[in-house]
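The block underneath contains the structure these notes are about, expressed in structure tokens.
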Amino acid sequence: MEKQRQGKKRHLVVVPAPLQGHLTPMLQLASILHSKGFSITIAHTLFNSPDPSNHPNFQFLPFSDGISHQATDSISSHNIPSLVSTLAANCVSPFRQLLLHFTSENNIACIIYDGFMYFVESVAQQLCLPTLLLRTTSLTNVMAYHYIHRILAQGCLPLQDESVVPELEPLRFKDLPTFNFTNSDVLQNQLNIVQRGIKSSVGVIFNTADCLESQRVDELRQIHQVPIFPIGPFHSMAPDSCSSFLEQDYSCMTWLNEQAPRSVVYVSLGSIVTWEEKELTEMAHGLANSKQRFLWVVRGGRGISVEEWVKSLAEEVREAIEERGCLVRWAPQKEVLAHVAVGGFWSHCGWNSTLESLYEGKPVICQACFGDQRVNSRLVSHVWKVGVEWYCDDVVMDRREVEKAVKTLLADQQMWERAQELKRQLRQAVTQGGSSHEALLHLVDHILSIS
Ligand code: UDX
């Protein structure tokens, strides 16, 4: 059977969204499917385009997006919805041309596209090509979309309060991923798109595993009656896939090698969240006062020069950074999390970071900021119980809180043990006979059967 799966070489066109947290899992999925015998063409925007030299097995086809290249630095949580609609408005025609040309010379089995690139669906329909949807968030997050869609349709607005959403326990109303939509029509429109994408695809792929979200997998299957493929964590099955926009600074690995086991907190808030200078300063004081060791990704941004900012810190904080800290602009995160010296992760709970941390059995300080991050934070802290919850817009960044959270993260033995158990389950999921491994084989058979 495996031989038959490998033997049939078929062509997949893969359309990632041009954001770090989206491009990474899509390229990982493409690598996984390539290892199963599919040939892969990545159809991508010029904006934030992937580097073909990192993926010699794939063919790359750019299409124009009408987005200024300076826009890369200005991506923030506030303008993601408008980026997504701009892509939809600008890309239909170039993508259609590209696909028309490509299909005239190639036999495409299926198009796999990121949910943010929803314009792909209509083009594929015109050309009678089947699509598979990749949702790069947790499945619980998509269930939360479904819930918001339903209550908006009933004329209610999701409230931002502390009470628990009965269908989504332990999520509270304030955890729902309403993103930064201030206008319920825009939100409704986006949610309609999410629902339509699921219904019109021949299946939905999730970077998740049964041991994390099995109940939600069943619920989503029942609601939409489409095949759902939970086959993560992708990064564990595609270890060589590199898609970093920024250069990863490996000097921190040398520093980590000199630290004692479980003595370091790794601090990184992903590729989009940025901090005001005064918040960074509170973080620096808290980390220094905790007397723990720390590896901290400080990207700068918002006009902050990291060097100038460090110079402006109090002397005792600068000394602490020198003695116990290591600052980098961008780290090789997966390797960092796998390092024995790292005892915990202070994270914004982006879904990739969450999976990477869980896979390495590292507990988390959950500092969620926008979109799906609050959902993930709630899962980490209240469902899997491997994290300490902390919301950035609920708390003013305060050095005493930072100190407390960091100390708890590194000292809580029970949380550490639960994280080890989850790590064991996730590793089992991706090995032969495990749930993600089986789901992948089903996906391969499914693609072969529809094409
Ligand atoms: C965005 C959203 O913020 C997130 O909520 C959503 O789930 C995905 O899209 P991002 O902020 O980039 O993602 O976070 P995340 O999903 O965690 O992805 C970041 C990726 O960058 C991870 O794969 C991580 O390994 C990598 N990374 C991060 C590095 O390689 N080096 C770093 O220093 C920091």
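The values are calculated or read from the model by the stated rules, or taken from the named source; none is laboratory data. Keep in mind the model is a prediction, meaning the values are calculated, not measured. Here the Cβ positions follow ideal geometry from the backbone for every residue, glycine too, while neighbour counts run over all protein chains shown.
I want to confirm something. Restricting to region 127-167 and keeping residues that are among the polar types (S, T, N, Q) and away from the ligand (no atom under 16 Å from the Cβ), which single residue is surrounded by the most Cβ atoms within 10 Å (Cβ to Cβ)? Among those that are among the polar types (S, T, N, Q) and away from the ligand (no atom under 16 Å from the Cβ), it is 131. If I go through region 278-303 residue by residue, how many of them are surrounded by fewer than 20 Cβ atoms within 10 Å (Cβ to Cβ), over 23 Å from the mean Cα position of the chain (by Cα) and closer than 17 Å to residue 369 by Cβ? Adding up the residues that qualify gives 3.
Mind listing whichever residues of region 56-66 are in a loop (DSSP other than H, G, I, E, B) and either more than 23 Å from the chain's Cα centre (by Cα) or at pLDDT 95 or above (or both)? Within region 56-66, 56, 57, 58, 64, 66 qualify. Taking region 231-337 and the helices (runs of 4 or more DSSP H) fully enclosed by it, the elements with 3 or more residues that are out of contact with any helix residue (DSSP H, G or I) (no Cβ under 7 Å at 6 or more places or on another chain) are at 251-257, 277-290, 306-312, 315-324.
With respect to residue 256, determine if the residue is aliphatic (A, V, I, L, M), within 16 Å of the ligand (Cβ to nearest atom) and under 20 Å from residue 325 (Cβ atoms). Yes: the conditions hold for residue 256.
Is it true that some residue in region 195-204 is surrounded by fewer than 22 Cβ atoms within 10 Å (Cβ to Cβ), charged (D, E, K, R) and closer than 28 Å to residue 335 by Cα? Checking region 195-204: not a single residue is surrounded by fewer than 22 Cβ atoms within 10 Å (Cβ to Cβ), charged (D, E, K, R) and closer than 28 Å to residue 335 by Cα.
Here's the yes/no breakdown for (1) touching a Leu at 6+ places or on another chain (Cβ under 9 Å); (2) modelled with pLDDT under 90; (3) within 14 Å of the ligand (Cβ to nearest atom); (4) assigned by TED's automatic domain parsing to the domain that holds residue 379:
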residue	(1), (2), (3), (4)
217	yes, no, no, no
286	no, no, no, yes
301	no, yes, yes, yes
305	no, yes, no, yes
320	yes, no, no, yes
